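Trainee: One structure follows; several queries about it will come next.
The values are calculated or read from the model by the stated rules, or taken from the named source; none is laboratory data. Keep in mind the model is a prediction, meaning the values are calculated, not measured. Here the Cβ is made from the backbone with ideal geometry for all residues, glycine too, and neighbour counts use every protein chain on show. For the accessible areas, the whole protein counts, side chains as well, though only heavy atoms, and no ligand, DNA or RNA atoms are used. Shrake-Rupley method; radii C 1.70, N 1.55, O 1.52, S 1.80 Å.
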Amino acid sequence: MLVRDGVVTRVLHVDGAPVAIQAWQRQDGTVVLRASGAGSGERSAALERWRFALAVDDDLRPFFQAFRSDRLLGPAIRRMPWLRPRRRPMAWEAFAWAVTKQLIESGRAAGIQRRIVRRWGSPVEVAGFGVLRDVPPAEMIAGCAPAELEGMDLSARRALALIRAAREVAAGRVDPADRAGDARLLSIPEVGPWTIQCLGLHGRGEPDSLPAGDLGYVKLVGRLAGLGRRATVDEVEEFFAPYAPYRGLAGTFCLAAYHKAIAQGPPLRLAA
């Protein structure tokens, strides 16, 4: 994905056909979306996924009205009413990238993702932007050897987990966009609740899906709750429980508004 002169551009494959999708915002706040390439059906489908990824159709008024007086969320909502959780156009992409992010720094995970895209993403020439590559589909990853993914800096166990999940998706036994397949994904070693919660929030747009085990949340709740240490996953879930059915949204706003609190004071020790 590239950003040039205020225009966001990436390639998305729909039924195997490449579509170039773009977005930019006018001075009056209007968001303009464009799709080019393939047929009209593929362009329409790509735009639908692009709208989802950018959350341009989301109406957060019920969430705002429910928590505008909340001591934590109220100031965050007033300060950043435009904020939305960052999403991926395709649920498979959200799941695969969640696996790459398990228990490592965001920068290192981004490097793994770039190497995977460069190695297996299909190249597409986009006028004015050069060659762009899409995230490789499950069918492509399903045919990889674990050692190939390890060569991208993915750990051996997570490489195997990603391949096993890709095979489930490629065979049609699991659709990451459907929660009905979560139990089957969770049966794969190295795929736990955090990965599925990331899939729910970033791949399916579920406002109540909270990746409670995320390092940012265990540190944030440790500060905001005055624990003097990092919170446990259970403590993070308890902290955000009053915000159901919008726990994922609440977490997004709190983390964006109070992330500086994580760096204040001495480093938080690990939970016992």
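Trainee: Taking the stretch 121-147 on its own, how many of its residues are part of a helix (DSSP H, G or I) and either in contact with a Lys or Arg (Cβ under 8 Å, 6 or more places away or on another chain) or open to solvent by less than 20 Å² (accessible area, probe 1.4 Å) (or both)?
Mentor: Total satisfying the criteria: 3.
Trainee: If you don't mind, there's one more thing I want to ask. Evaluate the following for Arg86: is it open to solvent by 30 Å² or more (accessible area, probe 1.4 Å), in a helix (DSSP H, G or I) and in contact (Cβ under 8 Å) with a residue 24 or more places away in the chain?
Mentor: no
Condition check ((1) closer than 30 Å to Asp153 by Cα; (2) surrounded by 18 or more Cβ atoms within 10 Å (Cβ to Cβ)) across all residues:
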{"position": "Gln25", "(1), (2)": "no, no"}
{"position": "Asp28", "(1), (2)": "no, no"}
{"position": "Val32", "(1), (2)": "no, no"}
{"position": "Arg68", "(1), (2)": "no, no"}
{"position": "Ile77", "(1), (2)": "no, yes"}
{"position": "Ala98", "(1), (2)": "yes, yes"}
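Residue by residue, here is whether (1) under 16 Å from Ala212 (Cβ atoms); (2) out of contact with any Ser or Thr (no Cβ under 8 Å at 6 or more places or on another chain); (3) hydrophobic (A, V, I, L, M, F, W, C) holds:
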| position | (1), (2), (3) |
| --- | --- |
| Ala231 | yes, yes, yes |
| Val236 | yes, yes, yes |
| Pro242 | yes, yes, no |
| Pro245 | yes, yes, no |
| Gly248 | yes, no, no |
| Gly251 | yes, yes, no |
| Ala257 | no, yes, yes |
| Ala261 | no, yes, yes |
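Trainee: Only strands (runs of 3 or more DSSP E) wholly contained in the stretch 2-78 count here; list those with 2 or more residues that are closer than 24 Å to Arg114 by Cβ and under 23 Å from the mean Cα position of the chain (by Cα).
Mentor: Of the strands (runs of 3 or more DSSP E) lying wholly inside the stretch 2-78, those with at least 2 residues that are closer than 24 Å to Arg114 by Cβ and under 23 Å from the mean Cα position of the chain (by Cα) span 2-4, 7-14, 17-25.
Trainee: Is it true that some residue in the stretch 154-162 is under 26 Å from Val14 (Cβ atoms), open to solvent by 30 Å² or more (accessible area, probe 1.4 Å) and touching a helix residue (DSSP H, G or I) at 6+ places or on another chain (Cβ under 9 Å)?
Mentor: no
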